[in-house]
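Have a look at the structure below, then the notes.
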Amino acid sequence: MKEQEIIDIVNDVFEESFEIEKEELQADKNIFADLGLDSLDIVDLVVALQKKFNVKIRNDERIRNISTMGDLYDYVALLKKEGVKPV
Amino acid sequence: MKYFLSIYIYSIVIMFTVLIAPFSILYLIFLKILFSKRTFLKRLRRFISWYGIIIVRILIFPFIKTKFTDTAKKEKIAPCIFVCNHRSSSDPFLLSFLPYEIIQIVSDWPFRIPVLGVMAKLAGYISIKEMKHDDFFATAEELLRQGVSLGAFPEGTRSGSNKMGQFHGAIFRVALKVKCPIVPLCVIGNENIPTRDFILNSGTVKMKKLPAIYYDKYKDTTPFKLKNYVRNIIIEETARMENEA
């Protein structure tokens with residue numbers, strides 16, 4: 001999966017789950033301070049990402065280190081590279 | 001001048017609190033002995049509201065003036081969730097204007113204030129930082145089912161300016177589950193009353209209660225969209241209030 005493809009799919013998740021406008025979804029945007037997600041929204045986000053990418057990441061500690069959209073794109077790219085087991 | 005004002009107001013509030021403390025204790029004992037737990041809590045919450053009203057209406061006047069506007073007086077809203085912007089630590093006192101049985105959802109620090117902290121704890125105020133999510137949801141839902149309204153400051157921390165922070169969504173998840181009205185409250189003028197260093201300045205603080213948002217209006221939305229919907233209503237109204245001021 002190419003980098004841009006991952007970015008597009010992650011952005012789709014944000015648009016579908018939170019109705020955040022595409023223009024807002026930039027790599028440097030902070031998920032909490034700029035986009036307004038809170039810890040409970042992150043749970044919803046993880047569920048949506050699991051469904052979209054067909055992976056199981058609910059208990060992955062690395063999620064705690066994600067703060068920007070860029071971090072999230074990198075994280076998903078890493079998952080794909082690692083070949084995380086499907087749900 | 002500002003130090004004089006701070007010393008004057010804090011002194012008068014402390015004196016008032018010390019003066020009524022013995023009567024409060026007697027009143028609480030009286031309530032506890034004669035009434036059921038539910039009535040005890042109801043009266044105690046009313047008592048706290050009156051304490052707040054005396055401070056915001058009388059003790060700080062004329063240096064700090066407060067004005068409350070209810071734009072939908074005839075609405076039957078209780079039990080509901082009041083959602084207020086949070087510019088200053090004086091915001092919780094302003095909820096005394098609301099003539100309802102209210103529990104405030106606060107951070108942990110108000111519980112450390114002498115006397116007030118004890119009263120808040122006794123009245124069942126919720127310290128959201130000290131609770132697990134599930135416990136918070138269960139407590140909030142139970143209070144609403146008992147007919148008690150909730151007062152929340154979803155920014156979580158005071159902004160100290162006219163900018164509004166992002167909202168936390170927990171209280172909106174409760175609203176979606178319990179299907180109760182959400183009532184936006186807009187406060188302006190207290191960004192520096194007091195400052196983050198608790199220095200008081202003179203000025204006029206205005207609070208406006210907006211029409212309720214009923215479940216039918218928000219039932220098909222997600223917690224994320226709901227919190228931003230309410231946040232935008234408050235942003236627009238506070239901007240309008242600032243322009244009128």
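Readers should treat all values here as calculations from the given coordinates under stated rules, not as data from a laboratory. As the structure is a computational prediction, the values presented were derived from the model and not from experiment. Glycine also receives a Cβ, built like all others from the backbone with ideal geometry; neighbour counts cover every protein chain displayed.
Enumerate the amide H contacts of B:Asp70 below 5 Å, restricted to partners 5 or more residues apart or on another chain; note that Pro and chain-start residues carry no placed amide H.
For B:Asp70, whose amide H was placed from the backbone, the distant partners under 5 Å are B:Lys209.
Averaged over A:14-22, how many beta carbons belonging to a partner chain fall within 10 Å of each residue's beta carbon?
Counting Cβ atoms of other protein chains within 10 Å of each residue's Cβ and averaging gives 2.
May I ask you to list the aspartates and glutamates whose Cα is less than 15 Å away from that of A:Lys2, ignoring any residue fewer than eight positions away on the same chain?
Cα-Cα hits under 15 Å: A:Asp74, A:Glu82.
Where the centroid of each part is defined by its Cα atoms, how far is segment B:1-64 from segment B:75-128 in Å?
Using only Cα atoms, the two centres lie 14 Å from each other.
Work out the length of the dipole vector of segment B:1-110 about its Cα centre, built from +1 on the beta-carbon of each Lys and Arg and -1 on the beta-carbon of each Asp and Glu, and round it to the nearest 20 debye.
340 debye
So in the protein assembly as shown, what percent of DSSP beta bridges are antiparallel if you round to the nearest 5?
25 percent
For the protein assembly as shown, give the magnitude of the charge dipole about the Cα centre (Cβ charges: +1 Lys/Arg, -1 Asp/Glu; no others), in debye to the nearest 20.
Once rounded to the nearest 20, the dipole reads 1780 debye.
Within straight cross-link reach of A:Lys51, meaning Cα distance under 17 Å, which aspartates and glutamates are found once same-chain residues fewer than 8 apart are removed?
Excluding near neighbours in sequence, the set is A:Glu5, A:Asp8, A:Asp12, A:Glu15, A:Glu16, A:Asp41, A:Asp60.
Near the amide H of B:Ile103, under 5 Å away, which other amide H atoms are found, from residues 5 or more places off or on another chain, if H is placed in the peptide plane?
For B:Ile103, the qualifying residues are B:Ser149, B:Leu150, B:Gly151.
Using only the Cα atoms of chain B, what do you get for the radius of gyration and for Dmax, in Å?
Calculated on Cα positions, Rg and Dmax stand at 17.7, 53 Å.
For A:30-37, what's the mean count of beta carbons from other chains sitting within 10 Å of each residue's beta carbon?
Average neighbour count from other chains, rounded to a whole number: 3.
Along segment A:76-83, what does the Karplus equation 6.51 cos²θ - 1.76 cosθ + 1.60 (θ = phi - 60°) give for ³J(HN,Hα), rounded to whole Hz, x for Gly and Pro?
Each residue's phi maps through the Karplus curve to give 5, 4, 5, 4, 5, 5, 6, x Hz.
Less than 20 Å apart at the alpha-carbon level, and either on another chain or at least 8 residues along: which aspartates and glutamates does that give for B:Lys208?
B:Asp70, B:Glu75, B:Asp91, B:Glu101, B:Glu155, B:Glu191, B:Glu236, B:Glu237, B:Glu242, B:Glu244
Considering only DSSP beta bridges where both residues belong to chain B, give the percentage that are antiparallel (nearest 5).
For chain B, the DSSP antiparallel bridge percentage is about 20.
List B:Tyr215, B:Tyr125, B:Tyr229, B:Tyr3 from most exposed to least, where exposure is judged by having the fewest other Cβ atoms within 10 Å.
B:Tyr3, B:Tyr215, B:Tyr229, B:Tyr125
If the chain between B:Ile12 and B:Ala245 were fully stretched, how many nm would it gain, using 0.36 nm times the residue separation less the Cα-Cα distance?
Extending this stretch completely gives an extra 81.0 nm.
Provide the per-residue ³J(HN,Hα) series for segment B:75-84, in order, calculated from phi with Karplus coefficients 6.51, -1.76, 1.60 and θ = phi - 60°, each as a whole number of Hz, with x at glycine and proline positions.
My calculation for segment B:75-84 gives 5, 9, 10, 6, x, 9, 10, 8, 10, 10 Hz in order.
Quick one: what does P(r) look like for segment A:3-81 with 5 Å bins over all Cα pairs, in whole %?
3, 15, 31, 32, 16, 3, 0
Would you mind checking which residues have amide H under 5 Å from B:Thr204's amide H? H placed 1.01 Å from N; only 5 or more apart, or other chain.
For B:Thr204, whose amide H was placed from the backbone, the distant partners under 5 Å are B:Lys65.
Which pairs, out of A:Lys52/B:Lys225; B:Lys121/B:Lys179; A:Lys80/B:Lys132; B:Lys177/B:Lys206, put more than 29 Å between their alpha-carbon atoms?
Distance filter (> 29 Å) returns A:Lys80/B:Lys132; B:Lys177/B:Lys206.
Kindly rank B:128-136, B:32-40, A:34-42 from highest to lowest mean number of other beta carbons found within 10 Å of each residue.
A:34-42, B:128-136, B:32-40
What are the ³J(HN,Hα) couplings of segment B:135-141, residue after residue, when phi is run through the Karplus curve with 6.51, -1.76, 1.60 and θ = phi - 60°? Round to Hz, x for glycine and proline.
5, 4, 4, 5, 5, 4, 5
Using the Cα centre as the reference, give the magnitude of the dipole from point charges on the C-beta atoms of chain A (Lys, Arg: +1; Asp, Glu: -1; all else neutral), rounded to the nearest 20 debye.
The calculation lands at about 660 debye.
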